[in-house]
Amino acid sequence: MAFDRDQFIERLQQLRRPLQFAARQNVRKIAVLQDLEARLLEWLEAASALQPPPNIAANLDACRRLFTGFDRAEPATKIRAITTALGRLDHLMALVETPSSAIPERPPPTAPSASPHPDGKSASASEASGPSTSPAPINVLAHSIQFLKGVGPARAQMLRRLGIETIGDALALLPRRYDDRTNLKPIRSLQVGMQETFEGTILVSGSSRTSRGRRLYEMVIGDATGTMRCLWFQFHEAYMRQRYRTGQRVLVTGEIRINSYSGQRKEVHHPDLELIEANEREPLHTGRVVPVYPATEGLHQKTLRTVIKRIVDEYAPQVQDCLPPALRERLHLMEASQALREVHFPGAEADLEALNHWSSEAHRRLVFEEFFLLELGLALRQRDTALEERRVAYRGTGALADQLRAQLPFKLTTAQEHVLAEILANMRRPHPMNRLLQGDVGSGKTIVALLAMLLAVESGFQAAIMVPTEILAEQHYLTMHRLVETLGVRVTVLTSAIKGSKRRELFEAIAAGEVDLIVGTHALIQEDVEFKALGLAVIDEQHRFGVLQRATLKRKGYSPDVLVMTATPIPRTLAMTVYGDLDVSIIDELPPGRLPVITKLCYESRRGESYELMRQILRQGQQAYVVYPLVEESEKTDLRAATAMAEQLQREVFREFRVGLLHGRLKSDEKEQIMRAFSAGDLQVLVSTTVIEVGVDVPNATLMLVEHAERFGLAQLHQLRGRVGRSHHQAYCLLMADFPMSEEAKQRLQAVTEHYDGFMIAERDLEIRGPGEFLGTRQSGLPELRVAHLIRDQRVLAEARREAFALVAEDPHLSQPEHEALRQALMHRWQQKFELMRVG
Ligand code: ADP
Ligand code: MG
């Protein structure tokens, strides 16, 4: 019997659900979880019955051992069993999902004493030491920090707050800066405006008030040459008093400034302080270039430094280098253990400037490794797609698309022509397409997708386009239907608005191949829609879905070409990694004659002027949007506000025009009706929540007023603004903002008024929010970066990517002996992420 992969995956998922549920429970609940054992064993049995290949079967056996005796085990043992089993399932999924063994087999993780036993003790001592008996380097890194001398449970707890659980985590916690304490200056020679470190004795310490009544904590610190005032405006008095007493010696680091009141006295605000113990003259904390770590409350800089020093001394030499020596040599990368030593405790000759900019050779080496492993994973995935055989072959000549082109009222831009050619060529290649089409709002992605879909249709296949909102589905349907019905192409739309028998009929028509082109919401692939012959799947406005990839469709038994479209102009550096295994096409030009949207920040007091401008454009026969934020926590209030606004605008402000209201809570057909009325120009003003954020295309709408603009994210504002400026008329975007607002909100609004280009906006967004927030883990589906930074280290990223792809081309299975360490490191880094990777 052939091994049924899909069915197997389904069984694994059945197994996962109760485990994930259990993993979310607290200890008390877990203690009383009953009959899980029987259920889990039953599912495992069912999975084994599918006769998986031996390596997979072995993993199932290991799971079975984990759960034998589960019901009677201690809660702590249960928890371990659950988490270990989840890890194993991930590993299994990865094995099954990557048939050509993207990452070759490696023993999966085994938690210490993972096997529950009725008496709650570990079943076997050998299993407790980890997957391998040889002292593999990764296992050293995986050791819990808690067993380290001088750490103990309390400190381990504090370290955990910094994300440090293991030796490896600790080594990856890089200093946030370095202080040069080789030659401490006397207080008299400290320079104003400089970041300085000096040593002295606390002469005075206590809280006081400024002349304006502001509370502050003050210390006077002196040495043989003079004194320095240190000030804190936010402080915990009891703590300060208790910790820093007069007579104590301290190291002080901070920027030296001049007292603004007297204009003479030097002082330091909120300096870093480190106590010097009575007879201490350890070379660790002073007299050298000293690392300063991101400490956490209750965990002092010195403690952290001491712990990390111990770890570096003991473990860094044991870290085996995973980079092949030849590569290291060619790129002049130092060895891992040396890099770790130098990055934590640089020698006297170190370049302080480079260290503080994360550009030292030691930094470069660590950053490279992190990016390299990341890109290697991506390269392996891409290789898998490239090895896959195309199941869908298009015999069409392109005549159908040509007919449509002949009817279009415009000519495609050069950029559109270019990406279309890329896409069509890709569709004719012997391997399936997995491509991202990126283009700023309004750049004309829809027509490109439609032309590609026509090649599929002409060749006798179906094509589907999936969109995130019903409104957009409806709009795309109308556009496409209008364009292709004369060509004899049968188009249909599937949203949740279509119910009952109509829905069933539609499903049947799709399954029977009676429709060629299907527009739908995401439900299209989530539900049990069956296609007769799906050739091309287009996913529009991908950022709303997360990185949805071919794997999802493949699991449904299809192997179509996939075109993912996004207007979130992910900066190129990020696109390379986030979409690392997709080919990328970029439309970098807007259709001709478009004027940049004039964007203005408006204050409540000048609302009247905004209305005046709006009235002007309405009188010229153009239309306008008024957009309301809708925040989940206050959804009802916001909705009421939007409704009231619509009424007031109609009754008082724009009596001579028609005002409509659109929001997500309306019934599907109501939404549809309003959107149609607005498209047709029957409504002149559309008050709306962010349901119009993506994709909506009404070229005659030339003004957008955004209420509470400070509440929107930057990318969102840019998307919204993209709804206007879709014709040759000058368009406007008015941002109404409320004060006071956060610093970040100010930056966002400023960025959106200053930049019109989506790439610039995205770069700014990334700077303001950082990559984690910008993408969200769910969206990026990548292993988390610990030392590397996507923007700061762009150049290293490009190099790592090049090298990784080259290496996979040369050794596609990493089977050469010199790549063994790399393969292990890769598995270690990616294993938890496989679930994310697959589904996105
Ligand atoms: P987006 O890339 O944001 O999805 P759309 O596909 O909605 O953009 O296109 C925006 C508008 O530009 C649509 O009204 C479309 O008809 C129009 N358009 C697309 N391509 C061209 C072109 N080459 N010349 C003029 N208008 C175009
Ligand atoms: Mg679009």
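The table that follows gives values for the structure above.
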{"read-out": "Dipole of segment 286-377, positive direction: furthest Cα of 340, 291, 358, with charges on the beta-carbon", "value": "291"}
{"read-out": "DSSP bridge orientation in segment 147-267 - percent antiparallel, rounded to nearest 5", "value": "95 percent"}
{"read-out": "For segment 601-659, projected area of the alpha-carbon convex hull averaged over all directions, nm²", "value": "4.6 nm²"}
{"read-out": "Solvent-accessible surface (1.4 angstrom probe) belonging to residue 492, in square angstrom, nearest 10", "value": "20 Å²"}
{"read-out": "Simple Cβ-charge dipole of segment 241-381, Lys/Arg +1 and Asp/Glu -1, about Cα centre, in debye nearest 20", "value": "640 debye"}
{"read-out": "Total formal charge among the other residues, if their Cβ is under 15 angstrom from that of residue 481, Lys/Arg +1 and Asp/Glu -1", "value": "-2"}
{"read-out": "If the convex hull is drawn through the Cα atoms of segment 393-551, its volume per residue in Å³", "value": "114 Å³"}
{"read-out": "Per residue, in Å², the accessible surface of segment 138-266 once ligands and nucleic acids are set aside, probe 1.4 Å", "value": "55 Å²"}
{"read-out": "Gap separating the Cα centres of segment 692-757 and segment 180-257, nearest whole Å", "value": "47 Å"}
{"read-out": "With all protein chains modelled, accessible area of residue 207 [1.4 Å, Å²]", "value": "40 Å²"}
{"read-out": "Surface accessible to a 1.4 Å probe, residue 246 within the full protein complex, Å²", "value": "90 Å²"}
{"read-out": "Average Cα contact separation per residue, segment 402-553, under 8 Å, 6 or more apart, as relative contact order %", "value": "28 percent"}
{"read-out": "Distance from segment 298-359 to segment 611-667 (C-alpha centre basis), Å", "value": "58 Å"}
{"read-out": "Charge sum, other residues only, whose C-beta stays under 11 Å from residue 266's C-beta, Lys/Arg counted +1 and Asp/Glu -1", "value": "+1"}
{"read-out": "Full-extension gain in nm, residue 204 to residue 648, via 0.36 nm per residue minus C-alpha separation", "value": "153.5 nm"}
{"read-out": "Cβ-based net charge around residue 430, under 10 Å, with every Lys or Arg adding one and every Asp or Glu removing one", "value": "+1"}
{"read-out": "Segment 173-214, accessible surface, carbon-and-sulfur percent (1.4 angstrom probe)", "value": "46 percent"}
{"read-out": "With every protein chain in place, segment 784-831: carbon and sulfur % of accessible area (1.4 Å)", "value": "50 percent"}
{"read-out": "Protein-only accessible surface order, largest first, of 179, 402 at 1.4 Å", "value": "402, 179"}
{"read-out": "For segment 145-176 versus segment 668-688, the gap between their alpha-carbon centres in whole angstrom", "value": "57 Å"}
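The values are calculated or read from the model by the stated rules, or taken from the named source; none is laboratory data. Note that the coordinates shown come from a computational prediction; the quantities given were computed from them, not determined experimentally. Here Cβ is always computed from backbone atoms with ideal geometry, including for glycine, and neighbour counts include all displayed protein chains. All accessible areas refer to the heavy atoms of the entire protein, side chains included, with ligands and DNA or RNA removed. Shrake-Rupley method; radii C 1.70, N 1.55, O 1.52, S 1.80 Å.
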